[in-house]
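Just below is one structure, and these are the notes that go with it.
Derivation of every value follows stated rules applied to the coordinates shown; laboratory data play no part. Nothing here was measured: the structure is a model prediction, and the numbers come from that model. So basically every Cβ, Gly included, is an ideal-geometry build from the backbone, and we count neighbours across all protein chains shown.
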Amino acid sequence: MNPKFILYFAWYYGFYVILRGASYLLASLSLPLALLFMVTIFTHGTLIAFAIAGGPIAIVAANSINGAGDAAFFRIQIRIQDLFVATSITSQDYMFALSMSYLVFSLPGIVLYAILGAYFKVFSLSSLLPIVGVLVLLTLTISNLSFIIAGLLKHIRNVWGITAILSIIMTVLPPTFYPYTFLPQGVIYILSVSPVTPAAVLIQGIVGLEPMQFSMIFILFTETILFTLLGRKFIRWRE
Amino acid sequence: MIEILGISKKYDRRTYALNEINASLKERVTTVIGRNGAGKTTLIRILSTQLTPTSGTAVIEGLDILKETKKVRQIISSIPQESQLIGILSPLEQMQLYLMARGFSSSQAKEESKYALDELEMYAYRNAPSDTLSGGMKRKVFVAMALASKAPIIFLDEPTTGLDPLSRIEVWSAIKRLSSKIILTTHYMEEAQELSNEVMVIDQGNIMTHGTIESLLSAFNGMMRAEKLDGAEYDIKIANVAIKYIGKERVDEFVKKGYDIKRVNLDDIFLSRGEILES
């Protein structure tokens, strides 16, 4: 493990994209903020707390799934992955560094929602740590899923379309912006195929909007481990 | 020294990208020449531990690329074909990341990056986002990475492909500053002649010929290349162009027959694919 490389890569590729590519940041915030607006209007504000609690999840999930585009672009188009293969770092270092850069890139959105959450009394200080834990796990799980997708692609021409579709499916279908109790329990388990579902159910439980479902901790952890192992296999490190 | 020991690579069941090739690369700078799809990149990717061969192996400075991969990666630096910089990051940032991946500390990586960029007259652009740099400048940043890595062995896969003549000369000048052992691929003969001591010609996954430039050209000693569209006499015919290798005493004769006469150079080693040399 090369923690210095991971930290520097995460900072450079996360922070400088915010600094030099503000349009990407605004694009990543546009969907959750649009949904927050719509949920507030259509429910006359009754579900605003759910839309705020789901915002950070949607941001982290969308940014991480978009990582499939980066991973494919770096491997197939600009050959940066090959450059790193012939060095001392491992595939795990590279994957972890990219994943962490998505978390850094998500920070402004998370802070924005933290402010909104504090204003509307959705988040409290005591809920901070478990929420951060869920977001970190979600970043790792989904970015590993994005490495699997990237590894399956031979050309990059379809990657942006695929990630855009997945981003919508993974963030809007699961109970990210609405109470998970609207869904039958069986459907929740089916939707748990997307790691966003256990993350959303957990955060609604952590902030006290809905009852806590501890089985979702197990599901999220299992998915994190599973996708990490599969991501390592599919990233095509030494082909 | 690099010993290539019976390396084969098959991407599918039928086609060999490399067909059991054996060679010893002894000179400081070796150029692997071949047409597109000849197997140059496959060979470089295998030697620089990015690709696993179907069979065979190679030994780099006594280290087996399959059994001692980690140690091999410590002594090599490999710049992949058509590699590009991440547009949003600056040359300095990307060089630091590359050097830290090679085990440099952050301060050491920064210092070595600055020094190498300065050496290649790129210091003024160190903090500019890479997507603002010209094609030649971007390639120079990769050569700077290789320079800063201080790796004893450097692989450069088609370092000047797609560059304009001026940028190519800039990159050549950067490569000439490297003191490591270099293995580079190209399909530009003048690049091989300009930069290397040893040439290996690959075609369809096989080595056609291999040796120092002098030894390979010596097979053409006293010969000239006579070339004519639809010429009747030829050793090689490429499309409709007839190419005949002739002694200097026959120059007048072939001029009268309408042939253009040219000096023999590395192009001819490639064009003849070793056939003239063998005869």
Backbone N under 20 Å from the A:F182 label point (7 Å along Cα→Cβ), restricted to region A:39-82: A:39-62
Chain B: radius of gyration and largest Cα-Cα distance (Dmax), Å: 20.9, 68
Estimated distance in nm for a label pair at B:N36 and B:E119, the labels positioned 7 Å out from Cα along Cα-to-Cβ: 3.3 nm
Label-point gap, in nm, between B:Y11 and B:E82 - each point 7 angstrom along Cα→Cβ: 1.1 nm
Isotropic mean projected area of the C-alpha convex hull, the protein assembly as shown (nm²): 28.5 nm²
Pairs beyond 27 Å (Cα-Cα), from B:K67/B:K110; B:K181/B:K262; B:K26/B:K70; B:K9/B:K71; A:K154/B:K237; B:K10/B:K70: B:K67/B:K110; B:K181/B:K262; A:K154/B:K237
Value at 222 nm in deg cm²/dmol, rounded to 500, when DSSP H runs of n ≥ 4 in the protein assembly as shown each add -39,500 (n - 2.57): -16500 deg cm²/dmol
Cα-Cα separations in region A:98-239 greater than 28 Å, expressed as whole percent: 21 percent
Cα gyration tensor category, rounded, prolate or oblate, for region B:221-263 with a/c compared to 1.5: oblate
Nearest-0.05 FRET efficiency for B:L166 and B:D230, computed from C-beta distance (R0 45 Å): 0.80
Reciprocal mean inverse distance between Cα atoms of region A:1-140 - Kirkwood radius, Å: 16.2 Å
Overall dimensions of region A:183-239 as given by Cα atoms, namely Rg and Dmax in Å: 14.1, 47
Chain A: Cα Rg divided by the 2.2 N^0.38 Å rule of thumb: 0.99
Environment charge at B:L117 (Cβ cut-off 10 Å; Lys +1, Arg +1, Asp -1, Glu -1): -1
Note, ³J(HN,Hα) from phi for region B:159-167, Karplus 6.51, -1.76, 1.60, rounded to Hz, x at Gly and Pro: x, 10, 4, x, 8, 6, x, 5, 4
Loop-resident sites, region B:1-94, for trypsin sites (Lys or Arg not before Pro), counting at most 14 other Cβ within 10 Å (DSSP): B:R13, B:R14, B:K26, B:R28, B:R35, B:K67
Three-way shape label, region B:65-216, alpha-carbon gyration tensor, a/c 1.5: oblate
Other protein chain Cβ atoms within 10 Å, averaged over every residue that makes up B:79-91: 5
Percent breakdown of C-alpha pair distances by 10 Å bin, ordered from the shortest bin, for region B:1-100: 14, 42, 30, 14, 1
Cα shape, region B:126-181, gyration tensor, a/c 1.5 rule: oblate
